[in-house]
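The structure appears below as structure tokens.
None of the figures in this text is laboratory data; all of them are computed from the coordinates on show. These numbers were taken from a predicted model, which means no experiment stands behind them. Glycine also receives a Cβ, built like all others from the backbone with ideal geometry; neighbour counts cover every protein chain displayed.
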Amino acid sequence: MRTFLILAAALVAFPTTAQAAAHTLGFEDLRKIVSVRDPQISPDGKRVVFVRSRIDWKADRYDTELVLVDVSDNASHVLTRDKSEVSMPRWSTDAARLAYLASPQEKKPPQLYVLRMDGGDSQKITDAPNGVASFAWRPDSGALAYVAQDEAPNKKAIEHHLDAVTITDNDYLTREAPLPAHLWVVDNDGAQNTRLTSGT
């Protein structure tokens with residue numbers, strides 16, 4: 001019993017390293033949270049790209065960027081700069097290019113960008129008025145298919161706040177007339193952009 005009391009007293013007097021390093025989670029810690037999502041392994045298995053996100057509390061937004069990691073030595077570097085809402089990184093089948101969505105400016109709809117992995121800056125290859133919703137590489141890596149919503153036929157009226165909507169069988173939260181989305185194909189350098197579908 002005496003030995004137990006001596007050991008207990010020693011533990012109280014000299015806390016372990018784990019006890020000394022204990023830290024209560026506070027509000028400031030939440031400001032430092034970094035999230036990682038959508039990791040994509042290159043077709044050759046040598047690299048991984050992912051979206052890294054941090055909170056900018058002053059600007060009240062999430063700052064996102066693409067980060068590339070070399071599997072052999074864990075070296076990493078940022079691929080995107082000065083773009084907001086970066087998302088959906090996708091490798092071309094030959095691993096020579098990386099496509100992703102990003103907004104060219106804050107509060108602008110996302111567009112499709114392609115980055116050559118042998119150097120250079122990202123190239124914006126779409127200019128869809130309502131942005132790009134999703135995309136996929138063609139198997140030969142020469143082009144990409146993407147989905148974009150049509151522009152509203154009464155765009156000028158909407159800009160003047162004449163945007164009333166007749167509600168029929170839509171849900172009660174509907175605030176604007178539904179617009180059709182269509183499939184497009186664009187070359188990996190943006191040289192040719194072709195619409196494949198039409199109608200409502």
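When only DSSP loop residues count, what chymotrypsin sites (Phe, Trp or Tyr not before Pro) in segment 42-97 have their Cβ near at most 15 other Cβ atoms within 10 Å?
On the way: sites: F50, W57, Y62, W91; in loops: W57.
Counting only loop positions with at most 15 other Cβ atoms within 10 Å, the chymotrypsin sites (Phe, Trp or Tyr not before Pro) in segment 42-97 are W57.
Where a ≥ b ≥ c are the square roots of the eigenvalues of the C-alpha gyration tensor, would you call segment 22-87 rounded, which needs a/c under 1.5, or, failing that, prolate if a/b is larger than b/c, or oblate? Could you put the intermediate results ahead of the total?
Values: a/c = 3.01, a/b = 1.60, b/c = 1.88.
Oblate, because a/c is 1.5 or more while a/b does not exceed b/c.
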